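Below is one structure; the comments refer to it alone.
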Amino acid sequence: MIQYGHQDVTRADIDAVVQVLYSDLLTQGPQVPIFEKKIGTCVGANHVIAVNSATSALHIACLALGLGGGDFLWTSPITFVASSNCGLFCGAQVDFVDIDPKTNNLCPIALENKLIEAKSLGRLPKIIVPVHFAGRPCDMRAIRQLSEEYGFYIIEDASHAIGSHYLGKPVGSCNYSDITIFSFHPVKIITTGEGGAALTNCPNLAEKMNILRSHGITRDRALMNNPAEEGAWYYEQIALGFNYRMTDLQAALGSSQIERLEIYIRRRQEIAKYYQDHLIDLPLILPQMCVDSAYHLYVVCVDPVKTNKTRAEIFNSMRALDIGVNVHYIPVHLQPYYSNLGFKRGDFPVAEEYYARAISIPIFPSMTDSQIETVVDAIQFAFEG
Ligand SMILES: *Cc1c(COP(=O)(O)O)cnc(C)c1O
């Protein structure tokens, strides 16, 4: 089976992790700050908080921005459930903004229209979470402009987009947002097994997230209520935090992986270009090429104007041919948990239309040329069969 995504683990990665296993500190050692520094240098962010998942990063990002009961968080319906669950963790209400069918990202025009309506109802969002779907950056300039007009914070969910660029700057530099989060799950661009990070240029937000990832505890006297010397053992819990820490084993793997980020992105872009050139004559809607995308995913949509075949037929044929196709994503508002909150079919029609046709085909840096050809042949066969 050729999976839709797969990690690449080298001898150097394995050696880096083994070295930590032989060291004194498996967690809370030197590897996490080293990895954080590497990420910060790579994408141009001042502060990096490495955590045990992107889900944790989203949670502490929302808390650091003060999200709570009575607040609203908006995101795209075409994302993984974690992008919106983070709002619910904080007791806020969640809503969605429909996508732009050309980019499959949150549509800035739909956003503006929804903001105008929300303003008149006194229900403006506190946080917007734009998701750089498949690695293609959102229209951050437009979203940032709206944030200045309507006063919301921005958390970029860049789980798909370490290695992507926006207007000449790496995604993660937070030029258009308060916080950016990355995921290092094995299916993403680089991996730490499980893991994530929250990035910001704001020292105050960085300090809050740093404390929240480790129980709300600080050893920094400047932050203590009773900084008078009690002894070297002394620490204070000053907030209600979690154990969201990344281990040194994970960080060592991440530091080794990030060395190959550029090579990975180049290969992903090469594969995307190959698909673009070789799938063009099939009844598919292909993603618009984007030189700035990290191509975490390559999603084709079955074109209803050009074929009677359904998405399910093409999907099943490809699975039968041992191609590990997938679907990203079932619109979040259609999940039963969200239906129970009052969302229903028809709420976000562009997202639902996209979902009815989408198939993610394999793309990952260690794919061989012959595997890429096999995928193209399988799609052709699926339409002919
Ligand atoms: C993978 C993913 C997440 C969650 O990442 P974890 O590291 O698995 O918690 C969040 N948002 C998006 C868009 C993702 O793809």
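Nothing in this text is a laboratory measurement; each read-out follows from the coordinates by a stated rule. All figures in this text were calculated on a predicted structure; none of them were measured in a lab. A quick note on method: Cβ atoms are made from the backbone with ideal geometry, for glycine too, and the neighbour counts reach across all protein chains shown.
Brief remarks follow.
- Percent RCO, i.e. relative contact order, over the chain, from Cα pairs under 8 Å lying at least 6 residues apart: 23 percent
- Against the empirical curve 2.2 N^0.38 Å, the C-alpha radius of gyration of region 3-85 lands at a ratio of 1.44.
- Using the Karplus relation 6.51 cos²θ - 1.76 cosθ + 1.60 with θ = phi - 60°, the per-residue 3J(HN,Hα) values for region 143-152 come to 5, 4, 4, 5, 5, 5, 6, 10, x, 10 Hz, with x marking Gly and Pro.
- Computed over the alpha-carbon pairs of region 320-385, the distance histogram in 10 Å steps reads 18, 35, 24, 19, 4 percent, short to long.
- Judged by the mean number of other Cβ atoms found within 10 Å, the most tightly packed of the peptides 188-194, 90-96, 284-290 leads the ranking 188-194, 90-96, 284-290.
- Sorted largest first, extent of region 292-343 alpha carbons per principal axis (Å): 38, 33, 26
- With K and R counted +1 and D and E -1, the other residues having a Cβ less than 14 Å from that of Gln276 yield a net charge of 0.
- The eigenvalues of the Cα gyration tensor, multiplied by 5 and square-rooted, give region 269-385 an equivalent ellipsoid with semi-axes of 26, 17, 14 Å from largest to smallest.
- Whole-Å semi-axes of the ellipsoid equivalent to region 1-159 (Cα gyration tensor, √5λ, descending): 34, 19, 14
- Computed Rg/Rh of region 218-326, alpha carbon atoms with Kirkwood Rh: 1.30
- Across region 106-174, counting alpha-carbon atoms alone, Rg and Dmax equal 12.5, 39 Å.
- Listed residues Ser317, Leu282, Pro349: farthest to the positive end of the dipole of region 232-385 (Cβ charges): Pro349
- Part-to-part distance (alpha-carbon centres) for region 320-385 and region 144-220, which is given in Å: 27 Å
- Contact order, relative form, for region 157-294: 24 percent (alpha carbon pairs under 8 Å, 6 or more residues apart, mean separation divided by residue count).
- For the chain, the mean residue ellipticity at 222 nm estimated from helices alone is -11500 deg cm²/dmol, where every DSSP H run of n ≥ 4 contributes -39500 (n - 2.57) and the total is divided by all residues, rounded to the nearest 500.
- Once divided by 2.2 N^0.38 Å, the Cα radius of gyration of region 199-248 becomes 1.21.
- Evaluated at q = 0.11, 0.15 Å⁻¹: base-10 log I(q)/I(0), Debye formula over Cα of the chain: -0.80, -1.37
- Förster radius 35 Å - calculated FRET efficiency between Val291 and Arg345, Cβ distance, rounded to 0.05: 0.45
- Neighbour net charge for Val32 - beta-carbon separation under 12 angstrom, K R +1, D E -1: +2
- Relative to the longest principal axis of the Cα atoms of the chain, helix 248-258 runs at roughly 50 degrees.
- DSSP bridge analysis restricted to the chain gives an antiparallel fraction near 60%, rounded to the nearest 5.
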